[in-house]
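Novice: Quick one: the structure is below, and I'll ask about it shortly.
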Amino acid sequence: MIDIMLPDGSVKPFENNATPMVVAKSISEGLARNVISASFNGTTVETDTPLTTDGALVLYTWNDKEGKKAFWHSSAHVLAQALEELYPGVKLSIGPAIENGFYYDIDLGDQTLSDKDFKTIEDKMLEIARGKFDFNLRSVSKDDALSLYKSQNNEYKVELIENLEDGTITLCDHSTFTDLCRGGHIPNTGIIKAIKIMSVAGAYWRGDEKNKQLTRVYGISFPKQKELTEYLHLLEEAKKRDHRKLGKELELFTFSAKVGQGLPLWLPKGAALRERLENFLKKAQKKAGYEMVVTPHIGQKELYVTSGHYAKYGADSFQAIHTPAEGEEFLLKPMNCPHHCEIYNAKPFSYKELPKRYAEFGTVYRYEQSGELHGLTRVRGFTQDDAHIFCTPDQLDKEFKDVIDLVLYVFGSLGFENFRAQVSLRDPNTPEKYIGSDENWEKAEAAILNAAIDKGLDYVVATGEAAFYGPKLDFMVKDALGRNWQLGTIQVDYNLPERFDLTYKGSDNELHRPVMIHRAPFGSMERFIAILLEHTGGNFPLWLMPTQVMVLSISEKYEKYAEKVLNLLENDEIRALADNRNETIGKKIREAEMAKIPYMIIVGENEENENKITVRQHGGEDLGMISVQDFSEIVDKEIKKTLKTFK
């Protein structure tokens, strides 16, 4: 007999060689019908893998991340079989599961594949899936594996196998198809009910442009047709909400090849939006006791060597700037924290003066590969809403919880209500990835976990996701389309204070080391605005809109009255513009709608005679004819509803 521990901590005895599916059936037939993958003692296994030792078993369904990974990995096998049958002589290379779906890289030889072929590939895949073929993983010797793929003249698989150790090689069979594979499959192809080939692209073998370019076929699959339909609908919505599209339409930002890839240029409306976000956070930070600082865009290389950033990220930084002085090197600033450490070091501190909270909207630069750049979400120059708190160990708990409150205030004021916290810890199996002592890491990790529990956060633990210098609390936000984004981070750091020899004089008159908290509620202005654009579809909260109201005159006769209304609105601190062009009122309304203006005020003969305004809300709802004062009260009430008061 063997003892199997389940995720709830319970332990059940089973006969030796029992499979994960046998365990699932012992719990319930319903669970067994839904189980599609499993892991045993942290290693992915098949649902029919015999279990021969005591251990911890986790069963996965489609609703689990690991379940989807197995589902899409198995679908990649079905795609590969379909491609082999449709394109005789095709050579397969690799086909992994990805975040949404899967792909397979293939060498088509002289054959071609385009979007016109997608339907044929989908039909062939569904035909295979309906056969309900079991996935069977088997071990083979290195010689047998090489012999198989040499007989197929498949140099890609041969190269992969040559880099594997004998005794670790497995093949997966289903139907008449065999593929080199490490495992992690669903029970059979019949579980796959809906398939969509998404796109085709070029991809160099092993990502090296010196190698041959292969054809990459992307696809996605689901256990129900309804889920595929919903996914495709969300994709269409995502296209409409793409921040690059909306940013252009709303005239917020642009890029220039002459300026350089990944370096956004903020247009007047976008700059106003950024400024409003910055002022919003500065106001809250001032209440929370932060002091604003400013640091340069470059720093001596030695600064980042001391901090550890150069050793970890030097390869991803821009090349060093050499000055006329021999041996003098500067780097474009990749991080703000080393600069803030030196600000702290500018004078001695007593424990009575702590905590010190330094905040900066600091622009940093990192050399992202051109293929990884994506609008505002992945850029080479970006501004962080950075702050660093230097405190005593006794102050750490309160300071950390206060930062959590600040992050929640930001989310609440911007409509991000659906989120989960992630406690990101180091991976004890890869100590070389981190700096600092085990003792400091244990103290920092305990501080974050305690704060998350005390604040009642819905959180998960992610081992291996810590920063190299300390653990962190990340906020994973779900947007209006159900996508998860990492927004806002808080990190506890005992290591940089040591590396920069930061001290304060304690009540015992001895020097002590402060603890450092890194925090950025937005993360970066660029990425945050991109996500906010897609979350809201450009319909920002009223308090944030660059233009809250557009005053539309029916004809030139009412320009003066439009100006009078405009002045009254500005007196009430409502951001408004007047459109007095010689155009039809219908065209003016359409253009204001396209520009996402929250309110349109229409003025003509009736409005002027009664000293009132006709109000139309974005989306078409008419609020009727009211006084400017009544309208100002409507705006004020809406702003107070969305813009929370911090503390």
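Novice: Post the alpha-carbon centroid distance, the stretch 471-485 to the stretch 89-126, in whole angstrom.
Specialist: 32
Novice: Using Cα pairs closer than 8 Å and at least 6 residues apart in sequence, work out the relative contact order for the stretch 388-488, in percent.
Specialist: Details: 122 pairs, mean separation 36.6, N = 101.
Computed value for the stretch 388-488: 36 percent relative contact order.
Novice: Can you tell me the FRET efficiency between ALA462 and ILE626 if r is taken as the Cβ-Cβ distance and R0 is 51 Å, rounded to the nearest 0.05? The partial results should precede the final answer.
Specialist: Details: r = 52 Å, r/R0 = 1.01.
E(calc), rounded to 0.05, equals 0.50.
Novice: Something else about it: Modelling each spin label as a point 7 Å along the Cα-to-Cβ direction, I'd like the ASP117/GLN617 distance in nm, to one decimal.
Specialist: 5.2
Novice: Shifting gears a bit: For the stretch 577-647 and the stretch 204-229, what is the separation of their Cα centres, given in Å?
Specialist: Here the answer is 48 Å between Cα centres.
Novice: What nm distance separates the two modelled labels at GLU638 and LYS150, each placed 7 Å from Cα along Cα→Cβ?
Specialist: In this crude spin-label approximation the distance works out to 7.4 nm.
Novice: For SER317, which sequence-distant residues (separation of 5 or more, or a different chain) have an amide H within less than 5 Å of its own amide H, given hydrogens modelled in the peptide plane?
Specialist: TYR367
Novice: For a quick size check, give me the Cα extents of the stretch 191-322 along its three principal axes, largest first, whole Å.
Specialist: For the stretch 191-322, the Cα spread along each principal axis is 57, 42, 34 Å.
Novice: Report the Cys residues of the chain lacking a disulfide-compatible partner, meaning no second Cys Cβ under 4.7 Å from their Cβ.
Specialist: CYS337, CYS341, CYS391
Novice: Hey, how many Å between the Cα centroid of the stretch 252-275 and the Cα centroid of the stretch 392-444?
Specialist: 31
Novice: For a Förster distance of 41 Å, can you work out the FRET efficiency between the beta-carbons of THR323 and GLU353, rounded to the nearest 0.05?
Specialist: On the way: r = 36 Å, r/R0 = 0.88.
Efficiency for this residue pair is about 0.70.
Novice: Given a Förster radius of 25 Å and the C-beta distance between TYR231 and GLU593 as r, what FRET efficiency does 1/(1 + (r/R0)^6) yield to the nearest 0.05? Could you put the intermediate results ahead of the total?
Specialist: Details: r = 29 Å, r/R0 = 1.15.
It comes out at approximately 0.30.
Novice: Something else: What's the magnitude of the charge dipole for the stretch 335-458 around its Cα centre, counting Lys and Arg as +1 and Asp and Glu as -1 at the beta-carbon? Answer in Debye, nearest 20. Let's see the in-between values first.
Specialist: Details: 14 positive and 21 negative charges, 64 e Å.
The dipole of the stretch 335-458 has a size of about 300 debye.
Novice: Reachable lysines from LYS564, Cα under 17 Å, same-chain residues fewer than 8 places away excluded?
Specialist: Cross-link targets: LYS612.
Novice: Further question: Between ILE626, ILE589, ILE613, whose Cα lies farthest towards the positive end of the dipole of the stretch 549-642 when Lys and Arg beta carbons carry +1 and Asp and Glu beta carbons carry -1, centred on the Cα centre?
Specialist: Result: ILE589.
Novice: Here's another thing I want to ask about it. Return a whole-number percent for the relative contact order of the chain, with Cα pairs under 8 Å and 6 or more residues apart as the contact set.
Specialist: Details: 1173 pairs, mean separation 56.1, N = 647.
Across the chain, relative contact order equals 9 percent.
Novice: Shifting gears a bit: Using only Cα atoms, what Kirkwood radius does the stretch 347-456 have, in angstroms?
Specialist: Values: mean 1/r = 0.0578 Å⁻¹.
It is 17.3 Å.
Novice: Here's something else I'd like to know. What is the packing order of peptides 3-11, 530-538, 31-39, taking the mean over residues of other C-beta atoms within 10 Å and listing the highest first?
Specialist: Working: 3-11: 11.3, 530-538: 21.9, 31-39: 19.9.
For the peptides 3-11, 530-538, 31-39, the packing ranking is 530-538, 31-39, 3-11.
Novice: Given the rule -39500 (n - 2.57) for each run of at least 4 DSSP H residues, summed and divided by the residues of the chain, what is its mean residue ellipticity at 222 nm, to the nearest 500 deg cm²/dmol? Intermediate results must be reported in sequence, preceding the final value.
Specialist: On the way: 20 runs with 226 residues, N = 647.
The helix-only estimate for the chain comes to -10500 deg cm²/dmol at 222 nm.
Novice: So which of LYS398/LYS641; LYS347/LYS401; LYS398/LYS455; LYS69/LYS245 end up more than 21 Å apart, counting from Cα to Cα? Please report the intermediate quantities before stating the final value.
Specialist: On the way: LYS398/LYS641 28 Å; LYS347/LYS401 27 Å; LYS398/LYS455 11 Å; LYS69/LYS245 31 Å.
Cα-Cα > 21 Å for LYS398/LYS641; LYS347/LYS401; LYS69/LYS245; rest within.
Novice: Over the Cα atoms of the stretch 504-578, what radius of gyration and what Dmax do you get, in Å?
Specialist: 24.1, 79
Novice: Projected area of the stretch 549-642, taken from the Cα convex hull and averaged over every viewing direction, in nm²? Walk me through the numbers on the way to the answer.
Specialist: Working: hull surface 22.1 nm².
Average projection, Cα convex hull of the stretch 549-642: 5.5 nm².
Novice: If you look at just the Cα atoms of the stretch 66-238, how large are its Rg and its Dmax in Å?
Specialist: So, for the stretch 66-238, Rg and Dmax equal 15.8, 51 Å respectively.
Novice: If one takes the longest principal axis of the Cα atoms in the chain, at what angle in degrees, from 0 to 90 and to the nearest 10, does the Cα axis of helix 65-86 lie?
Specialist: 60
Novice: Relative contact order for the stretch 2-61: what is it in percent, counting Cα pairs under 8 Å that are at least 6 residues apart?
Specialist: Working: 107 pairs, mean separation 25.1, N = 60.
It comes to 42 percent, rounded to a whole number.
Novice: Could you work out the percent of alpha carbon pairs in the stretch 468-593 separated by over 22 Å, rounded to a whole number? Present the calculation step by step, with values, prior to reporting the outcome.
Specialist: Values: 4951 of 7875 pairs.
Cα-Cα pairs in the stretch 468-593 separated by more than 22 Å: 63 percent.
Novice: Which of the trypsin sites (Lys or Arg not before Pro) found in the stretch 429-526 are loop residues per DSSP with 14 or fewer other Cβ atoms within 10 Å of their Cβ? Each step should come with its number before you reach the end.
Specialist: Numbers: sites: LYS433, LYS443, LYS455, LYS472, LYS478, ARG483, ARG499, LYS505, ARG519; in loops: LYS455, ARG483.
In loop regions of the stretch 429-526 (DSSP not H, G, I, E or B), the sparsely surrounded trypsin sites (Lys or Arg not before Pro) are ARG483.
Novice: For the stretch 254-536, what D do you get in µm² per second when you plug the Kirkwood radius from alpha-carbon pairs into Stokes-Einstein at 4 °C and 1.567 mPa s?
Specialist: Working: Rh = 19.8 Å.
After rounding, the answer is 66 µm²/s.
Novice: Under 16 Å from the Cα of LYS560, which aspartates and glutamates turn up, not counting those fewer than eight places away in the same chain?
Specialist: GLU570, ASP579, GLU605, GLU607, GLU608, GLU610
Novice: Which Rg and Dmax, in Å, describe the Cα atoms of the chain?
Specialist: When restricted to the Cα atoms of the chain, Rg and Dmax are 29.7, 94 Å.
Novice: What does the charge dipole of the stretch 66-238 about its Cα centre add up to, to the nearest 20 debye, if the Cβ of each Lys and Arg holds +1 and the Cβ of each Asp and Glu holds -1?
Specialist: Values: 21 positive and 28 negative charges, 74 e Å.
So the magnitude is around 360 debye.
Novice: How many nm separate the modelled label positions at VAL294 and ARG378, each set 7 Å beyond the Cα in the direction of the Cβ?
Specialist: Spacing of the two 7 Å Cα→Cβ label points: 3.4 nm.
FYI, it's all coordinate maths here, none of it is from the lab. Note that the structure is a prediction, hence the values are computed from the model and not measured. With ideal geometry, Cβ positions are generated from the backbone for all residues, glycine too; neighbour counts draw on all protein chains shown.
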